[in-house]
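Colleague: What follows is a single structure, and I will ask about it in a moment.
The values are calculated or read from the model by the stated rules, or taken from the named source; none is laboratory data. All of these numbers come straight from a predicted model, not from anything done at the bench. Using ideal geometry, Cβ is built from the backbone for each residue, glycine included, and neighbour counts are taken over all protein chains shown. SASA here: full protein model, heavy atoms, side chains in, ligands and nucleic acids out. Shrake-Rupley method; radii C 1.70, N 1.55, O 1.52, S 1.80 Å.
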Amino acid sequence: MYKSDELTREHIADFESKNPGIKINFIEYDGTRLNAMLSSNDPPDFVRGAAVGSASGNAQELATALDPYLDKSSVLRKEHLLPVNDSFRWDGQRIGQGPYYGIVKDWSQDATLWYNRALFEEAKIEPLSTTEPVTYDELLEIAKKLTKKSGGKTQVYGLGVEWAWNLWAPISMMILQQGGQLYNADLTETDMTTPEALRALRWYVDFAQAGVGPTPLDPAPDGADLSLFLAKRMAITQDGYWFGGNFVEESDEMKNNVAMAPAPVMGDKRISPTYVGWGAYIPSKAKHKDEAWKLMEYYMAGPPSEERAKSGWGIPALKSQMSLMPQALPYQKQAFETQQAELQYAGQLPDSPYVGAAGAWNPVLDKYLQRAIKKEITVEAAGKGITDEVNKLLKQGKEQIG
């Protein structure tokens, strides 16, 4: 079960030709259908899944430990894997150590910034550094200067943060950058009333009230930054390295003006994690695990992985493929250099087995942030409300898993 634009018919035909004893029955990825198949103990053998947020499934013993396969493989071994794969590891209590329960196909440090130099020049503002990060407070002030409004409508947004996609990950990152923690020691409770959490929430409220970027109260036309950025109606967007894949077929004007900058910082600790890390796992109840592992080797270390690395649509998850990342175009070379320097700050987002990551957190965060933006409640009250609701979810998850 995967996405057909990621594991294509051509890939499947190539794999079957190289493995004549294996026939693939492809199912388009569907979360609802997957849950039903897992519940009935009749899951697919090879499943699309995210590294960040995998703790819950691993605590429920839904995935197969891959170490026995990695130890025997000649093409996909532990020493080949970049640290981003550690979010797929689980030792029975927390992520980051223990066996691997999945492999990342590609990833990005999703808090990095892309910007349009031409819009900076028009606003007579110095472009962002491609080597040194700005603070979140500085970024908001720059966004205010870049934003253009006319007749009560926004002509150019100064900054997009992909609000509709994820709030949990960037807010978690902001808390970690300040030296705070999202969860307590045993991952059973959160506290969003700490100074670090309130500062992060307040930044999002200030961002929305400043009107410098899309929010649920002023949504992007299609729920994402790309169309606005390509139309030169957004000066900066917070998206990972993968975002550069959008510009290869664009005009020279666009290609010559885009640039990538490091992730902004809030506090003294520079952390620039991936928000998701899509990859694949083999369910524990899968009936054809050995065959699924052959597909894992092919997809994660064979031709599809090389295609992905060369395309610029993400960072490879294997050390050996980093050199395949595109550098032919000037903007690709600049993004490659910025990305290579950013790698040392990748870090890892916290992941409790008792609550889904973005899926559980995002609706709660969005609800209370909107109320704070509209001044129905204070930021402190929002932090308290978020804490109470998420702690209820954590308690339910703990009781379910046992």
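Colleague: Enumerate by residue number the GluC sites (Glu not before Pro) in the stretch 150-235 meeting two conditions: DSSP loop (anything except H, G, I, E, B), and at most 10 other Cβ atoms within 10 Å of the site's Cβ.
Modeller: Answer in residue order: no site qualifies.
Colleague: Please work out whether the stretch 1-45 counts as rounded, prolate or oblate from its C-alpha gyration tensor, where a ≥ b ≥ c are the square roots of the eigenvalues and a/c under 1.5 means rounded, while otherwise a/b larger than b/c means prolate and anything else oblate?
Modeller: Judged from the Cα gyration tensor, the stretch 1-45 comes out oblate (a/c at least 1.5, b/c at or above a/b).
Colleague: Turning to a different aspect of this structure: Want the number for D137 to D388: 0.36 nm per residue separation, take away the alpha-carbon distance, what's left?
Modeller: Numbers: separation 251, 0.36 × 251 = 90.36 nm, distance 2.80 nm.
Here the segment from D137 to D388 would lengthen by 87.6 nm.
Colleague: I'd like the trypsin sites (Lys or Arg not before Pro) in the stretch 83-126 restricted to DSSP loop residues with at most 16 other Cβ atoms within 10 Å, sorted by number. Walk me through the numbers before you get to the answer.
Modeller: Numbers: sites: R89, R94, K105, R117, K124; in loops: R94, K105, K124.
Those that pass, being in a loop and sparsely packed, are K124.
Colleague: Let me check I've understood the local charge: for L226, count other residues with C-beta under 12 angstrom from its C-beta, Lys and Arg +1, Asp and Glu -1. What total comes out?
Modeller: -4
Colleague: Which ³J(HN,Hα) values, rounded to whole Hz and listed in residue order, are derived for the stretch 214-219 from phi using the Karplus coefficients 6.51, -1.76 and 1.60 in 6.51 cos²θ - 1.76 cosθ + 1.60 with θ = phi - 60°, glycine and proline given as x?
Modeller: Along the stretch 214-219, the couplings run x, 9, x, 8, 8, x Hz.
Colleague: Please work out whether the stretch 18-70 counts as rounded, prolate or oblate from its C-alpha gyration tensor, where a ≥ b ≥ c are the square roots of the eigenvalues and a/c under 1.5 means rounded, while otherwise a/b larger than b/c means prolate and anything else oblate? If you can, show how the numbers build up before the last one.
Modeller: Numbers: a/c = 1.92, a/b = 1.23, b/c = 1.57.
Judged from the Cα gyration tensor, the stretch 18-70 comes out oblate (a/c at least 1.5, b/c at or above a/b).
Colleague: Using only the alpha-carbon atoms, how far is helix 330-342 inclined from the longest principal axis of the chain? Give it as 0 to 90 degrees, nearest 10.
Modeller: 80
Colleague: A further question on this structure: Between R117 and A13, 0.36 nm times their residue separation minus their Cα-Cα distance comes to what?
Modeller: Numbers: separation 104, 0.36 × 104 = 37.44 nm, distance 4.32 nm.
Computed gain between R117 and A13 is 33.1 nm.
Colleague: Would you work out which of A50, Q97, M266 lies farthest towards the positive end of the dipole of the chain? Charges go on Cβ: Lys and Arg +1, Asp and Glu -1.
Modeller: After comparing all options, I get M266.
Colleague: Does anyone have the angle between helix 136-146 and the longest principal axis of the chain? Alpha-carbon axes, 0 to 90°, nearest 10?
Modeller: In the chain, helix 136-146 runs at an angle near 60 degrees to the longest axis.
Colleague: Please sort by residue number the GluC sites (Glu not before Pro) in the stretch 1-90 whose DSSP state is loop and whose Cβ has at most 16 other Cβ atoms within 10 Å.
Modeller: On the way: sites: E6, E10, E16, E28, E61, E79; in loops: E6, E61.
Counting only loop positions with at most 16 other Cβ atoms within 10 Å, the GluC sites (Glu not before Pro) in the stretch 1-90 are E61.
Colleague: If you don't mind, there's one more thing I want to ask. What does the C-alpha gyration tensor say about the overall shape of the stretch 238-356? Classify as rounded when a/c is under 1.5, otherwise prolate if a/b is larger than b/c, or oblate. Walk me through the intermediate numbers first.
Modeller: Details: a/c = 2.45, a/b = 1.34, b/c = 1.83.
Oblate, because a/c is 1.5 or more while a/b does not exceed b/c.
Colleague: Net charge near N19: determine it from the other residues with C-beta under 12 Å of the C-beta of N19, scoring Lys and Arg +1 and Asp and Glu -1.
Modeller: Values: positive: K18, K23, K294; negative: D14, E16, D290, E291, E297.
Counting the neighbours of N19, the net charge comes to -2.
Colleague: Next question. Quick one: Cα centre-to-centre distance for the stretch 365-391 and the stretch 27-59, in angstrom?
Modeller: Spelled out, the Cα-based centre of one part sits 31 Å from the other.
Colleague: Another question, then. With +1 on each Lys and Arg Cβ and -1 on each Asp and Glu Cβ, how big is the dipole of the chain about its Cα centre, in debye rounded to the nearest 20?
Modeller: 360
Colleague: Sticking with this structure for a sec: Using the alpha-carbon atoms, what tilt in degrees (0 to 90, nearest 10) does helix 379-401 show relative to the longest principal axis of the chain?
Modeller: Between the helix axis and the principal axis of the chain, the angle is about 10 degrees.
Colleague: Report the gain in length on full extension from E307 to S4: 0.36 nm times residue separation, minus Cα-Cα distance, nm rounded to one decimal.
Modeller: Result: 107.6 nm gained on full extension.
Colleague: For T8, what charge total do you get from the other residues with a beta carbon under 11 Å from its beta carbon, if Lys and Arg give +1 and Asp and Glu give -1?
Modeller: Numbers: positive: K3, R9; negative: D5, E6, E10, D14, E307.
Summing Lys and Arg as +1 and Asp and Glu as -1 gives -3.
Colleague: How large is the accessible surface per residue of the chain, computed with a 1.4 Å probe and reported in Å² as a whole number?
Modeller: That works out to 43 Å² for each residue.
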